[in-house]
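Visitor: One structure is given below, represented as structure tokens, and several questions about it will come after.
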Amino acid sequence: MNSPGTARDRLPRISVVVPARDCAAVIGECLAAVGCQTYRGPIDVTVAVAPSRDGTEQAVAGTGIELPLQVVENPAGTTAAGLNIAVAASKGPIVARVDAQSRLPPDYLERAVSTLANTGAANVGGVQRPVGAAGLPGAIAAAMGSPFGGGPAAFRRGRHSGPADTVYLGVFDRDALESVGGFDETLGRNQDYELNWRLREQGRTVWLDPSLVVDYVPRSDYRGLARQYFSYGAWKRTMLIRHRRSLRIRQLAAPALVAGLALSAFELALGRWRGAALPVLYAGACAVAATRLRSVLRDRLDRARSAAAFAVMHTAWGAGFLAGRTRTRTRNPSARSVRE
């Protein structure tokens, strides 16, 4: 009879990689969830810490996670650079990308590795479930989880297993990840979508497993939400310029809305009341979408907050896409290739 150690050794090692920056308040819960995984094979964790102002590195060291843990520096500070550094510093044949703001369910790695083996996919990921405390954070989370707010992307509300454009987080076959050169460090955002695009261009499969539902803690105020979505929109435009065939019609909805609202403002400035049509219709749509959140937001004030969050996300993303400036980043010279 095989000993438990022998059975454990037959399972592939998983290297969990976590980019971390100014996340001292949330990194503990993130790593605690990683430490509670039901996967019976070996797991190691690498956290790439960018320059932080809130003691993130000390928070990582104080988590008490019982898995092998190493902390590496990410002087460039970007998510993509941190991921590449962490991947290069780890050795497992399977790489699981985890964000500091995410909370994995206990069976996440076990299910993902099984799906990876059964499908032959290069990357397996699941569905993002925004969660937030009562009040404004909860209203923002509800708005992000709504089809009206977050859009129809499969990683937000996928119901069926199968190939997808992109997924939330991702559990990768290391060979596949290395074959495309890892994450693109010249992009400030949209690195996941862009990487999955390159994998699919190579003929590999990105697989959505809707049973992998991961909690995500979004921004807790409108200002942070607006900055985040403005950046998303700006970097999406940059990514689409590089990979034009990756464009999806739904990605033009927010820019079209912002352009329409700008035209409406011009019409109203000239005293043409027809310019009020689009703003009124859009405000009504936000209000209707917010009322559909009654099952998760009992309070009318919270639903009103969600309606405002819809407007912040849509207009910030659209404005970023149309007018946001992005500075193409250079690859971090201190970052090792994921192939090393």
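Each value in this text was obtained by applying a stated rule to the coordinates, not by laboratory testing. Everything numeric here is computed off the predicted structure, so don't read it as measured data. With ideal geometry, Cβ positions are generated from the backbone for all residues, glycine too; neighbour counts draw on all protein chains shown.
Visitor: Among rounded, prolate and oblate, which fits region 106-165 when a ≥ b ≥ c are the square roots of the eigenvalues of its C-alpha gyration tensor, a/c under 1.5 means rounded, and a/b larger than b/c means prolate?
Guide: Oblate.
Visitor: Antiparallel versus total DSSP beta bridges in region 8-219: what percent is that, nearest 5?
Guide: If we restrict to bridges inside region 8-219, about 30 percent are antiparallel.
Visitor: Right, another one. Which one, Thr119, Ala25, Ser231, is farthest towards the positive end of the dipole of the chain when Lys and Arg carry +1 and Asp and Glu -1 on their Cβ?
Guide: Ser231
Visitor: Using a Förster distance of 30 Å, how high is the FRET efficiency between Arg250 and Asp175, based on the Cβ-Cβ distance and rounded to 0.05?
Guide: Given R0 = 30 Å and the Cβ-Cβ separation, E is 0.40.
Visitor: Quick one: if you stick a label point 7 Å off each Cα along the C-beta vector at Arg159 and Glu29, how many nm between them?
Guide: Each label point lies 7 Å from its Cα, and together they span 2.9 nm.
Visitor: Any idea what the dipole of region 81-160 comes to, in debye rounded to 20, about its Cα centre with Lys/Arg Cβ at +1 and Asp/Glu Cβ at -1?
Guide: Computed about the Cα centre, the dipole is about 120 debye.
Visitor: Here's something else I'd like to know. Charges at C-beta only: +1 for Lys and Arg, -1 for Asp and Glu. How large is the resulting dipole of region 1-146 about its Cα centre, in Debye rounded to 20?
Guide: Its charge dipole is roughly 360 debye.
Visitor: Using only the Cα atoms of region 200-329, build the gyration tensor, take square roots of its eigenvalues as a ≥ b ≥ c, and label the shape rounded, prolate or oblate: rounded if a/c is under 1.5, else prolate if a/b is larger than b/c, else oblate.
Guide: Verdict is oblate for region 200-329.
Visitor: Moving to a separate point now. For the chain, build the charge dipole from Cβ charges (+1 Lys, Arg; -1 Asp, Glu) around the Cα centre, then report which of Gly135, Ile249, Gly260 sits farthest towards its positive end.
Guide: Gly260
Visitor: Could you work out how far helix 108-119 tilts from the main Cα principal axis of the chain, as a 0 to 90 degree angle to the nearest 10?
Guide: 80
Visitor: When the dipole is taken about the Cα centre of region 241-323, and only Lys, Arg (+1) and Asp, Glu (-1) are charged at their Cβ, what size is it in debye, to the nearest 20?
Guide: Rounded to the nearest 20 debye, it is 380 debye.
Visitor: Test of understanding: what is the full-extension gain from His243 to Ala133, defined as 0.36 nm times their sequence separation minus their Cα-Cα distance?
Guide: Full-extension gain reported as 35.8 nm.
Visitor: In the Gaussian network model of the chain, springs joining C-alpha atoms below 10 Å, which of Ala226, Ala254, Ala269 carries the largest mean-square fluctuation?
Guide: Checking each option, the largest mean-square fluctuation is seen for Ala269.
Visitor: Let me ask something else about it. Ranked from highest to lowest mean number of other Cβ atoms within 10 Å per residue, what is the order of the peptides 50-56, 144-150?
Guide: Per-residue mean Cβ counts within 10 Å order the peptides as 144-150, 50-56.
Visitor: Tell me whether the chain comes out rounded, prolate or oblate; compute the Cα gyration tensor, take square roots of the eigenvalues as a ≥ b ≥ c, and use a/c under 1.5 as the rounded threshold.
Guide: Verdict is prolate for the chain.
Visitor: Could you work out the helix-only [θ] at 222 nm for the chain, with each DSSP H run of four or more residues adding -39,500 (n - 2.57) and the total divided by the number of residues, to the nearest 500 deg cm²/dmol?
Guide: Value at 222 nm, helices only: -14000 deg cm²/dmol.
Visitor: Hand me the trypsin sites (Lys or Arg not before Pro) from region 110-173 located in a DSSP loop with no more than 15 other Cβ atoms within 10 Å, in residue order please.
Guide: When the trypsin sites (Lys or Arg not before Pro) of region 110-173 are filtered for loop state and at most 15 Cβ neighbours within 10 Å, Arg159 remain.
Visitor: Sticking with this structure for a sec: Which residues in region 123-167 have a backbone N closer than 18 Å to a point placed 7 Å from the Cα of Glu201 along the Cα-to-Cβ line?
Guide: Only 123, 164-167 fall inside the zone, counting backbone N under 18 Å.
Visitor: Does anyone have the angle between helix 191-201 and the longest principal axis of the chain? Alpha-carbon axes, 0 to 90°, nearest 10?
Guide: For 191-201 against the chain, the angle is about 70 degrees.
Visitor: Please compute the contact order of region 244-315 in relative form: average sequence separation of alpha-carbon pairs under 8 Å and at least six residues apart, divided by the residue count, as a percent.
Guide: 28
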